[in-house]
């Protein structure tokens, strides 16, 4: 099956869109997601891989396993031989995992090389910019996309920066450069919204009208959602008919409100930059007050202190293996953070937030896994791999499409040279929708920026 | 709070010089490469035995996991450990003097805090020594070589490493910076010039001594042409040079090797991160080592200097030999910093050693024990204490009443 352009349907478990396709909000969403460039990929040739240790992550690894991909989807995972005459890749001695998923990337919006002109990730003009969309800042020529694929990444969420209390929409992309970012979108993935608590908004806006404090951050957040809630309900909360509110009372022509209403409807998934436990609890309270839920806290270095609550409320935790200390709110980070979250039954995710880390996200998961074992929070290798596969897929609302090796899911897989939870593992081959997009023996460059520098003087 | 700090910093009581210990059946990472099934023995002052064969009589055996590896302590450079507790909090910085273009007389060592939370945290990555850098202008000051154990500056600052941190680009343009450096080291009278306003008599005296005594110059540079210009600079002003960054250093591997110029590189960074690193490549470190350049591997991080061993593992992943990668975080930086007896696991050297459950460059290798100059180091840090404090969540976390005896 070819990938399809937006809008097909938002994925199950996330959206009420399918049931409400005719409402104003949905119609405006569809118009905002038109792709000018044809975003349809050709159907990949059928392929089978044999002889590898297949690590589905949702169940135990399969020694000497076989995996088949037809029409871009996984059609078989087990120990049988491929059908006669099938195209077979011998992966004896290799390890096969789902394609890795990074919930926190700024590739394209803060591309390499680092140039002022290409810094398109933070719309630092006001503390709330929900009308801004990351995909409108993504530079598809960022060489980082190819580097990410070479590290086994098949899906990533590109987020606006964290200067703003509400920074704008994030976008879930395939890291395969197209001419425009719209055509790189993961087909059917819900939009996301980036919010931030703590130090960043108050640092950026403290001298520019506020918020000046954490109190101000929360006040701004409540005001924004109070307005959105009123608009969604057809008024401004003060009994007056709000300009822009639709006759049906389901939406608004205001683009920022359109975004926030999407959050309140549950159609747009919230991704919140937050470090400290108390800050996280504060934003969760606002969610309970206005009726939104947070899909993932990002960075969340103090998640271990509230891991019971996060697990209970089904809030996933996107964190690093070991970053700390660069700011006061990152001072209480601990190495087994992810392992402690998982221990409490929560969804742990290892994210990169880095053009370097995204190139070896498997190693970051491996470090966090081993650090958990050292600290007495032991998990299986499959659980550690879930931190960079199915858990991030869930945080992005695409877990029924990718993130594990289950029949019916997209053919997003990585063939590793050795156990993927090792420093030395190399992604030998990477497949997206059954297309081989990376071959370590024959690397390709898709970035125009990197062309021609080898020409001799 | 005080008792906690003292426990952390004092680690454990120093081993008695007469006590001697050994581990056997380990992989010992010596300057000549790994030695399998080796015995390593040490007392409070020196390594007594490294290699095949039995330990000296009377030494106590220390149990180690099967397949253990022993390395020297790792050397992280450059860092801001001990001079920058929290990056975004200027008030916690004591290595930063913006605006002073010539701060030759300023010594980072005077601002170094041996009680920094980064010290025990970094040690848990097997890192035992560091070069702490200043951050300023053209001549940023004198970096400090430190040992990551001990209570006072006098105890931890490694004497004898005479060096200056130089950043030509900080003067506005790189050629202007190099031109100014030629003037500064020639002893020219710059009073009356813009630069002259920054130069104290102490700076002048340090610059003159540095030139005469051939202090080491640390200079950040990534672009091949900048490295080339620096090589010409030290041809004119002969002083030991360490290139810091070196993303495109492989393009001048031969010239670097011939002049004995050391290069500090991060093998993870090729992207390119900046326009000065367009020609960066993942086997940069491997190519430099192959050409005989003194390669030092670095993460260029301070809070995460503990990850140095994984950086080295990635150099191996990028094509460097395992032995070269170990050397690039032990012997070579030890040599550049003038750490006598450190950085190599050989009899007679300092008893600074890390014992690992497995290959330390892979994530599966875990730190089993650490000794610095004959002192056993507790494998604890502020972070491990946080984990202990939050290990169990059962009901209200903070006790409402205290049961502490009065």
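Values quoted throughout were computed directly from the atomic coordinates according to the rules given, and no laboratory measurement underlies them. Everything numeric here is computed off the predicted structure, so don't read it as measured data. Heads up, the Cβs are rebuilt from the backbone with ideal geometry, glycines too, and the neighbour counts pull from every protein chain shown.
Miscellaneous remarks
- Ordered by the count of other Cβ atoms within 10 Å of each Cβ, fewest first, B:165, A:25, B:97 give B:97, A:25, B:165.
- In degrees, nearest ten, helix A:255-265 long axis to first principal axis of chain A (Cα): 70 degrees
- Based on Cα atoms of the range B:50-187, Rg over Rh with Rh as the Kirkwood radius reads 1.13.
- Per-residue average of Cβ from other chains inside 10 Å of A:449-456: 1
- Rule-of-thumb Rg ratio for the range B:176-249 [Cα; 2.2 N^0.38 Å; N residues]: 1.16
- 0 to 90° range, to nearest 10: angle between helix A:361-375 axis and chain A longest Cα axis: 80 degrees
- For the protein assembly as shown, DSSP calls about 55 percent of its internal beta bridges antiparallel.
- Alpha carbon convex hull of the range A:249-327, projected area averaged over orientations, nm²: 6.2 nm²
- Packing-based exposure ordering (other Cβ within 10 Å, fewest first) of B:226, B:358, A:312: A:312, B:358, B:226
- Cα centroids of the range B:53-93 and the range A:311-360: 25 Å apart.
- Dimensionless Rg ratio for the range B:236-341, taking C-alpha atoms and the 2.2 N^0.38 Å reference: 1.00
- Alpha carbon centroid spacing (whole Å) that separates the range B:249-276 from the range B:108-173: 22 Å
- Between the range B:291-336 and the range A:23-90, the Cα center-to-center distance that results, in Å: 39 Å
- Beta bridge orientation in chain B: antiparallel %, DSSP, nearest 5: 55 percent
- Hydrodynamic radius by Kirkwood, which averages 1/r over all alpha carbon pairs of the protein assembly as shown, in angstrom: 28.7 Å
- By the beta-carbon count within 10 Å of each Cβ, the least crowded to most crowded order of B:355, A:89, fewest first, is A:89, B:355.
- Length available on full extension from residue B:209 to residue B:89: 0.36 nm per residue minus the Cα-Cα distance, which gives 39.7 nm.
- Over all projection directions, the Cα-based convex hull of the range B:75-342 averages an area of 13.1 nm².
- The length gained on full extension between residue A:380 and residue A:71, counted as 0.36 nm times the residue separation minus their Cα-Cα distance, comes to 108.0 nm.
- Shown here is the pair-distance distribution of the range A:73-175: with all Cα-Cα distances grouped in 5 Å bins from zero up to the longest one, the shares run 2, 11, 18, 17, 13, 10, 8, 7, 6, 5, 3, 1, 0 percent.
- Average projection area in nm² (convex hull over Cα atoms of the range A:17-449, one quarter of hull surface): 20.9 nm²
- DSSP bridge pairs, the range A:42-171: antiparallel proportion in percent, nearest 5: 50 percent
- Ratio Rg/Rh, restricted to the range A:384-457 and using Cα atoms, in which Rh is the Kirkwood radius: 1.09
- Potential lengthening of the chain between residue A:308 and residue A:36 amounts to 93.4 nm, from the contour at 0.36 nm per residue minus the alpha-carbon distance.
- Each 10 Å bin from 0 upward holds the following percent of the Cα-Cα pairs of the range A:300-457: 11, 34, 33, 16, 5, 1, 0.
- On Cα atoms only, tilt of B:174-186 relative to the major axis of chain B in degrees: 90 degrees
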